[in-house]
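Down below is the structure, laid out as structure tokens.
The values are calculated or read from the model by the stated rules, or taken from the named source; none is laboratory data. As the structure is a prediction and not an experimental result, all values here were calculated from the model. Here the Cβ positions follow ideal geometry from the backbone for every residue, glycine too, while neighbour counts run over all protein chains shown. To get the accessible areas, we keep the full protein, side chains included, count just its heavy atoms, and leave off ligands, DNA and RNA. Shrake-Rupley method; radii C 1.70, N 1.55, O 1.52, S 1.80 Å.
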Amino acid sequence: MEPKITFLQLKEYMRDVISDKHKATKCNYLIEPQKNSFYEWEDFNTSNPTLMRVQGKTLLGYRAGGTDTCYVISPNGDISWGSELGIAILDDKGENVTQRFPLPIFRSQRRIDFPKTISQYKEVVDATPDEDIAYHDFRLINLDAYVYIYYHNGKIADFLDFIVKMPEDIFLSKIKDCEKLIAKNQVTTEEWFSIWADSEWENAGIDGNRNFYGGRLPKNNISIYKLKNGDIHCTHRPAPDNAILNIGKNTSVDTTEDGIPKLGTLETCVRADCFDNSHLGSNGTETLATILGQEVLICVTHGVHNLAFSNSPRPARNLCYLPFFRVKDYETGEVLHWSREPIMLIDDQWSEYTFYGNWVASLDEFCYTSFPGGQLPEIEGKNAEDDLFYCPIGIGDTATGRLSFKPKDLLSQSVMENIRDYKYFNQKKKELDVPANTYHFKEPISGWTFSIENIANQMSIIGHVQTELIDETHQRPVHKDAQSFDFSMSLFDGRSIFYSDELGYVALIQGVTFAKENGKDVSRIGYGVILMHKEDPNRILFRSFKSVTPIETLDGITYDKHFKQFTHEEILSFIPANVKTIKETMTKFEPSGYTYPSTHTRWLRDKAAGKSSFDVIEFP
């Protein structure tokens, strides 16, 4: 493998990729590795944080690992580090740590040694492939008077998502017991782990076990949160994209009749024209906020840039992880905004960890990492667009820092106004008489029949599959975004959908954003292009952000009833040249392991093939 990009090269490259607009503020370090002998369990990394406020107490969890927990995870000699769930207590505003626990509160019950060589790895695979060896990427969530831990349960050959829970009163009483031990300077490992015995945690998964999914899936970035009506939504990552699943009153995901786990519908996919061209995901859970009086859920997510897909100084796989900002409707859970750029700059601040940290510097494929871990308002109940929020963020997979922001710092005025007004215009939109329109794809794709329809005046992708085991129809809405020209409506005309060998399925759309001008309702109308993956139309890899035609403003709530027509060549010319290049590069690199094969596409194929289980996909 070629040498890594230098930090100077990375900074210079990113100046052309990321603007300085709508950025959070980097503050202080919250947690760093501790080097003395008592803290060997966290002397290598203290990162990948998770934030929770329960009964007025703010707790910062983090993935902690020791230098001696390094182990081999593949026949090629790839390595990782074991980890345990560390806990720190933050002050009221989340600015500083007031108490850091000397030992973890949750850890693997492994009974085998970490394999340090390829030969030891092979011995473990042959002898004890189903033994737990390490836990990773913990998520603390407070829901319905319980504290939940979502985590990756690591076997030697794969990582699955598990979930446990504990009544919050019992959890907090254990926190208090630990504080008393620390105050008396009487901490012993025996007494500590009698407080936090594994048996104290209740299984919260499917069928009374700890499996989050009712079947085998590769590790995902899972976030669960409750909507205003009490329904629980799960946002997770069928790599490399993001999907949404309504799990009702449950906190885990069951299977369909064929025994394959439910995935829900894709929500946001990797974007060939944006920074997050490799993969993306949720880290912390959503937080209730208000934007110009409108109740929303906000979340700091992450997106990953693969330098191999772009005109970077190093044409090989180097991954750069940065935080993004997402806004959802509190009532429906639908996406209203997902930032097109990261909300953090790459500069010298924190570079001792983000670029040179223990973990990131040890792995050739990573050049810069920062994983957000949730967000909270500094003052509980003060959650408007002008109020301060903070976000713990793992840096370099080695330490944890603190970001600070006001929602209005991350959103333009027009985006906030669109979010404020969208429910009003949603009601007005129902008065429109948009003709029903359906386009049927000519051939099955990955074993499914697909169509595109205007449903409730909104473009949706419909997939159907029927086997001896199942008969399923899935609707994938083409989600709106308050920063795009088609925020209020995306409509299509079947004559303007076609297939391109190089790019996949291409659709011309009419986009409309309703707004108020001088106290009157107006409709701003333009046209753009959507690019769908040739093996999975649910995967939207490009969508015009700005209209490719001049915006036409009409009085009232309306649309262009005479859908504009362009030749296929003209429509293809609307796709930026860099998108075409990146899409072709992504397709070329997928078989070589430079990028992630789509879990969702594999899921489509397995269901269509009548399989009764879902194969775990290896991460590259």
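Shown here for the range 1-51: trypsin sites (Lys or Arg not before Pro) in loop regions (DSSP other than H, G, I, E, B) with at most 15 other Cβ atoms within 10 Å, namely K21, K35. For S446, S362, the ranking by accessible surface with the largest value first comes to S362, S446, using a 1.4 Å probe. A Förster distance of 22 Å, applied to the separation of the beta-carbon atoms of D386 and D92, puts the FRET efficiency at 0.70.
Peptides 564-574, 526-536 ordered by packing proxy, namely the average of other Cβ atoms within 10 Å per residue, highest first: 526-536, 564-574. Across the options F309, L336, I175, the greatest Cα extent toward the positive end of the charge dipole of the chain (unit charges at beta carbon of Lys, Arg, Asp, Glu) belongs to L336. Residue farthest toward the positive end of the dipole of the chain, with Cβ of Lys/Arg at +1 and Asp/Glu at -1: which of S460, L59, V124? Farthest along the dipole direction, towards plus: S460.
Only Lys, Arg, Asp and Glu carry charge here, each on its Cβ (+1 for the first two, -1 for the last two); on that basis the chain has a dipole of about 880 debye about its Cα centre. For the peptides 474-484, 386-396, residues were scored by their other Cβ atoms within 10 Å and the scores averaged per peptide; the highest-first order is 386-396, 474-484.
Extension gain for the segment F574 to E334, taken as residue separation times 0.36 nm less the Cα-Cα distance, is 83.6 nm to one decimal.
Residues whose amide H falls under 5 Å from that of F492, counting only those 5 or more places apart or on a different chain, are Q510, with hydrogens built in the peptide plane. Under 17 Å from a label point 7 Å along Cα→Cβ of E202: give me every residue in the range 133-172 with its amide N that close. What the label zone holds, given the 17 Å backbone N cut-off, is 141-150, 163-172.
At full extension, T549 and K423 could sit 42.7 nm farther apart than now, given 0.36 nm per residue minus the alpha carbon distance. Each residue, A609 and K564, gets one label point 7 Å from its Cα in the Cβ direction; the gap between the two is 4.4 nm. FRET efficiency for the pair K249 and A436, taken as 1/(1 + (r/R0)^6) with r the Cβ-Cβ distance and R0 = 35 Å, rounds to 0.55. Stokes-Einstein diffusion for the chain, with the hydrodynamic radius set to the Kirkwood value over Cα pairs and evaluated at 20 °C in a medium of 1.002 mPa s, equals 85 µm²/s.
Rounded to the nearest 20, the Cβ-based charge dipole of the range 139-201 about its Cα centre (Lys and Arg +1, Asp and Glu -1) stands at 140 debye.
To the nearest 0.05, what FRET efficiency results for E191 and N142 with a Förster distance of 30 Å applied to their C-beta separation? Efficiency for this residue pair is about 0.70. Computed over protein heavy atoms with a 1.4 angstrom probe, the accessible surface ordering of T369, T256, largest first, is T256, T369. Taken over the range 202-288, the convex hull of the Cα atoms encloses 122 Å³ per residue.
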